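Colleague: Before I ask anything, here is the structure I am working with.
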Amino acid sequence: MTFTTLTFCLFLVAVFAAYWTLRTRKAQNFLLVVVNYVFYGWWDWRFCLLMLFACTLDFFIGRALQRTSVPFRRRILLTISVGTNLGVLGFFKYFNFFMDSLTSAGQSLGWSFDPFTLRILLPVGISFYTFQTMSYVIDVYRKELDASESLIEYLAYISFFPQLVAGPIERAGDLLPQFQQPRCFDNTAARDGCRLILWGFFKKLCGADGLGEIVSAAYRDIPDATGPQLVLATVCFAAQIYFDFSAYSDIASGAARLFGFNLMRNFAYPYFSQSLSEFWRRWHVSLSSWFRDYVFIPLGGSRRGKLILIRNLVLTFLISGLWHGANWTYVIWGGIMGVAVAIETVFGDQKKRSTSEVPGGPNLIPSPAVLARMTLVWLVVGMGWVFFRAPNVASAWLAVVKVTGSIFTPSTWSSAGDLIYGSRVDSLIFVLVIYLAEWIQRSKRHPLAIEHWTLPKRWALYTCMIWVILIDGSFSGSQFIYFQF
Amino acid sequence: MRQFVARLGIFVAIQAMIGVALLQLDPGANDSALASFLEKDARLEQTADRPRLMIVGGSNVPFGLDSEQLGEAFPDYSVTNLGISASLGLDFMLNHVGSRAQRGDMVLLAPEYLHFATRCSCSPALIDMMRICPRTSEFLSVADWKDLGDSGLGNVRYVCRRIQPRLRGVRPNEFRRNDFNSLGDMVAHHDMPPTYQKKRIREKGFSAKWDVQTNILDQQVQRLNEFAEKCRAEGIEVVLSYPPLSETSWNANQQIIVEIREKLSQELKIPILNEEMTPSWPDEMYFDTEWHLTAAGKEQRTAELIASMRRFRPEPESGRLPVIPATAKSKKGGSPSGERGL
């Protein structure tokens, strides 16, 4: 059940109505567990069994960790949890990838054997809820969190439908207490939630999906595409993946607010960053912070000298790349980001810009220095997106060669125009509109934070947006990109 | 909460009023090609007293077969060309013909390869069909209803695109209900100049390559086998004939088409009449898409189909085909058997 469908809209209305007619927190939590599994089972009911198994196992491991203080036993329990979760994730996501890689490596060494591959269906959202439940157990192990006493509360927290299949990856310390406390309907939060949902729909249907056509046109057949076409497609992909993923997070946050929950902010205008480090504090914040707290810091973080810091950064980004998918392109993408961040951290500008600062500076028209920094960040990130989007490593390298070569062949630049026609022109216009709106409103949590406008003016804007979405939006039924991770 | 619900309700009501206003401007689909369903379905009812040859498929069927010639070749059958559009989806087509077919009938399936590569049904077509004829909702499968929920919001765009020509005072560029003849064949295009080769495959952004969905092939083969089994149990014969595809489309999608044909050859429990036929024909035989034949192409395809049907069921020595007495025919399984053949 994708968010941008009529089915989800009806589902949300029905759940909202049922939820707020219930008077007690326990009844609401129970309802949420039921609707969460209905939502998840809409894809495939078998996915529910797997998630229920993972959640139940970690719930009882958490309880056991809470009861025992024997270090050896605690380590065993933690190992069982992490091992099971990573094992399940590894099997469903990486089994065929590793078999294929092993076969290729063997063949390059002159060995030949029949690879054993399975037709494995990747459960939607497994990367997200697995990390979420693992972080819970780790936090209980570290005694940073008390284990939940209620299985229903725990199930509701892990499987909470707005953030189940594509995040944000919520920490137990932030979200679980919200299930343990009574919720009251908050008019302001609910209205803001509706605005977030509307903004998410606009970004997804008017921005991301239309851009996808331009991106696919070039990346579907990289050998045939020209360098300028790949440049345009990569620019569009950078926008597409941001709009797509941030739209999901916005709709998730907006939907959660309707039920009295606050999810963490997952995207904080990352393309207005002035450094790579700032970019990674603004992009997919929930995943970045997860890897920081559970991989980077346990490896030693930045406390053991520059060489170890570089190692830890590169390793963390490599693992993060692998998390995104079973393909070497993602690993290379992670490696590129890791090396770039490491270089910047060690040798670059040491000024750490907080995510609470206005990205891109306070001025409406950025200074040349700010613009230059933003452009440089964008170029490095953009080069990484080539690997992220390409179907395989060979195609990615070919695309990189074509993209860099196109700078020196201005006669081919006009070929990029071949990708732009019909409704794709509208998509590019929407890209500009969305970026402009985000730039102007970048001091606010989201561009539709316009409470200070009069009611008629706000409603006129919402009405225009809704009908632009309905008339010009792309309803091809495409899934959110991060569903595949 | 009351204030929130009240305000939201007023806002939604305003959007609903805008939607209703748009619907008033919508010319609807009662004049469109989809509405030919009413005539085709009525013909099935009118010819229920004798064996019927029902041709099922997307638009490749009305654009590609001459039912009059088929009727002359097999005079004991009344032929009805049920094809309208692939966008109705295979489930809709099979459910419709399955609800109408009776003992002694023959169902000739000629689905586009696309039905085995992706879900062809699209919600605007299904919604329009239900507006034209509400009882067709019973022909929608669970998957169709799910698709309606998934892409239902896109129908507004579809309606707005239909309104645009009306507001501009121009005739929309599409085929209409009365472009079909009484047997259900598309005939309006016979005298029109073909545009496929000259214009379509040269237009900017044209891609002959299909977007393929995984897992659909197995499902569709299973669906067809279940349909055929049910029909055979009721004394209804089912055969399949591949539609010829344009060369351009064949070259772009050869891999998936070969995979489809191999799968059907191995697992389909329905006789395939033209497995040996050349799967692709020259582009100049196509009218406006890779499925729609010109008048000349239609004639050739019909002749080849007649020949393959005769090979499938050789005529008895008398040269005459056995006729089932009209009085002996009844709905669903009541009629006596007797040798059926072409």
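The values are calculated or read from the model by the stated rules, or taken from the named source; none is laboratory data. As the structure is a computational prediction, the values presented were derived from the model and not from experiment. Heads up, the Cβs are rebuilt from the backbone with ideal geometry, glycines too, and the neighbour counts pull from every protein chain shown. These accessible areas exclude ligands, DNA and RNA; they are computed on the full protein's heavy atoms, side chains included. Shrake-Rupley method; radii C 1.70, N 1.55, O 1.52, S 1.80 Å.
Colleague: Identify the single condition in (1) open to solvent by 30 Å² or more (accessible area, probe 1.4 Å); (2) closer than 30 Å to residue A:437 by Cβ; (3) part of a helix (DSSP H, G or I) that residue A:185 does not satisfy, given that it satisfies every other one.
Modeller: (3)
Colleague: Which of the following residues is surrounded by fewer than 15 Cβ atoms within 10 Å (Cβ to Cβ) and part of a loop (DSSP other than H, G, I, E, B): A:144, A:170? It would help to see each step written out before you state the result.
Modeller: On the way: A:170 fails: surrounded by fewer than 15 Cβ atoms within 10 Å (Cβ to Cβ).
Going through A:144, A:170 in turn, the sole match is A:144.
Colleague: Right, something else. Looking only at the range A:76-91, which residues are free of Cβ contacts under 8 Å to residues at least 40 places away in the same chain and over 11 Å from residue A:134 (Cβ atoms)?
Modeller: If the condition is that a residue be free of Cβ contacts under 8 Å to residues at least 40 places away in the same chain and over 11 Å from residue A:134 (Cβ atoms), then A:76, A:79, A:80, A:87, A:90, A:91 are the ones that fit.
Colleague: Give A:377, A:381, A:401, A:431 a once-over and let me know the one that is hydrophobic (A, V, I, L, M, F, W, C), in a helix (DSSP H, G or I) and open to solvent by 60 Å² or more (accessible area, probe 1.4 Å). Explain how you work it out, then say what you get.
Modeller: Values: A:377 fails: open to solvent by 60 Å² or more (accessible area, probe 1.4 Å); A:381 fails: open to solvent by 60 Å² or more (accessible area, probe 1.4 Å); A:431 fails: open to solvent by 60 Å² or more (accessible area, probe 1.4 Å).
Just a single option satisfies the conditions, and that option is A:401.
Colleague: Additional query: List the pairs whose first member sits in the range B:1-26 and is away from chain A (no Cβ under 11 Å), whose second member is at pLDDT below 90, and whose Cβ atoms are under 8 Å apart, counting only residues at least 6 apart or on separate chains?
Modeller: B:23/B:159; B:25/B:163; B:25/B:166; B:25/B:167; B:26/B:159; B:26/B:162; B:26/B:163
Colleague: Would you point out the residue of the range A:195-221, among those that are within 20 Å of the chain's Cα centre (by Cα) and aromatic (Phe, Trp, Tyr), that is nearest to the other protein chains (Cβ to nearest Cβ)?
Modeller: A:201
Colleague: Would you check if there is a residue in the range B:109-125 being out of contact with any helix residue (DSSP H, G or I) (no Cβ under 8 Å at 6 or more places or on another chain) and within 24 Å of residue B:225 (Cβ to Cβ)?
Modeller: no
Colleague: For the range B:118-130, check the following and say yes or no: at least one residue is closer than 30 Å to residue B:312 by Cα, touching a Ser or Thr at 6+ places or on another chain (Cβ under 7 Å) and within 14 Å of another protein chain (Cβ to nearest Cβ).
Modeller: Yes, that holds for at least one residue.
Colleague: Can you pull out every residue in the range A:7-36 that is more than 14 Å from chain B (Cβ to nearest Cβ), more than 20 Å from residue B:1 (Cβ to Cβ) and either surrounded by 20 or more Cβ atoms within 10 Å (Cβ to Cβ) or β-branched (Val, Ile, Thr) (or both)?
Modeller: Within the range A:7-36, A:33, A:34, A:36 meet the criteria.
Colleague: Which one of the conditions (1) away from chain B (no Cβ under 14 Å); (2) at pLDDT 80 or above; (3) within 25 Å of the chain's Cα centre (by Cα) does residue A:473 fail to meet, given that it meets all the rest?
Modeller: Result: residue A:473 passes all but (1).
Colleague: When both residues are 6+ apart or on different chains and their Cβ atoms are under 7 Å apart, which pairs have a first residue that lies in the range A:2-14 and is within 14 Å of residue A:198 (Cα to Cα), and a second that is among the hydrophobic types (A, V, I, L, M, F, W, C) and outside any helix (DSSP H, G or I)?
Modeller: A:8/A:1
Colleague: When you check residue B:231 against the structure, is it modelled with pLDDT of 80 or more, surrounded by 15 or more Cβ atoms within 10 Å (Cβ to Cβ) and in contact with a Gly (Cβ under 6 Å, 6 or more places away or on another chain), yes or no?
Modeller: Details: modelled with pLDDT of 80 or more: yes; surrounded by 15 or more Cβ atoms within 10 Å (Cβ to Cβ): yes; in contact with a Gly (Cβ under 6 Å, 6 or more places away or on another chain): no.
It is false that residue B:231 is modelled with pLDDT of 80 or more, surrounded by 15 or more Cβ atoms within 10 Å (Cβ to Cβ) and in contact with a Gly (Cβ under 6 Å, 6 or more places away or on another chain).
Colleague: Open to solvent by 10 Å² or more (accessible area, probe 1.4 Å), touching an Asp or Glu at 6+ places or on another chain (Cβ under 7 Å) and touching a residue at least 40 places away in the same chain (Cβ under 8 Å): does that describe residue B:31? Lay out the reasoning, then the answer.
Modeller: On the way: open to solvent by 10 Å² or more (accessible area, probe 1.4 Å): yes; touching an Asp or Glu at 6+ places or on another chain (Cβ under 7 Å): no; touching a residue at least 40 places away in the same chain (Cβ under 8 Å): yes.
Judged against the criteria, residue B:31 is not a match.
Colleague: Please enumerate the residues belonging to the range B:144-161 that are more than 8 Å from chain A (Cβ to nearest Cβ), under 21 Å from the mean Cα position of the chain (by Cα) and open to solvent by 40 Å² or more (accessible area, probe 1.4 Å).
Modeller: B:145, B:158
Colleague: Are any residues in the range A:288-301 open to solvent by 60 Å² or more (accessible area, probe 1.4 Å) and either touching a residue at least 40 places away in the same chain (Cβ under 8 Å) or part of a helix (DSSP H, G or I) (or both), and if so, which ones? Break it down into steps so the answer makes sense when it comes.
Modeller: Initial filter on the range A:288-301 (open to solvent by 60 Å² or more (accessible area, probe 1.4 Å)): A:292, A:297-298.
Within the range A:288-301, A:292 is the sole residue that qualifies.
Colleague: Follow-up. If you take the residues of the range B:96-134 that are touching a Cys at 6+ places or on another chain (Cβ under 9 Å) and part of a loop (DSSP other than H, G, I, E, B), which of them is surrounded by the fewest Cβ atoms within 10 Å (Cβ to Cβ)?
Modeller: B:112
Colleague: Please determine whether any residue of the range A:20-29 is of a type outside the set (Val, Ile, Thr) and under 21 Å from residue A:124 (Cβ atoms). Break it down stepwise before answering.
Modeller: At the first step, the residues of the range A:20-29 found to be of a type outside the set (Val, Ile, Thr) are A:20, A:22-23, A:25-29.
Narrowing the set further to residues that are under 21 Å from residue A:124 (Cβ atoms) leaves none.
Scanning the range A:20-29 turns up no residue that is of a type outside the set (Val, Ile, Thr) and under 21 Å from residue A:124 (Cβ atoms).
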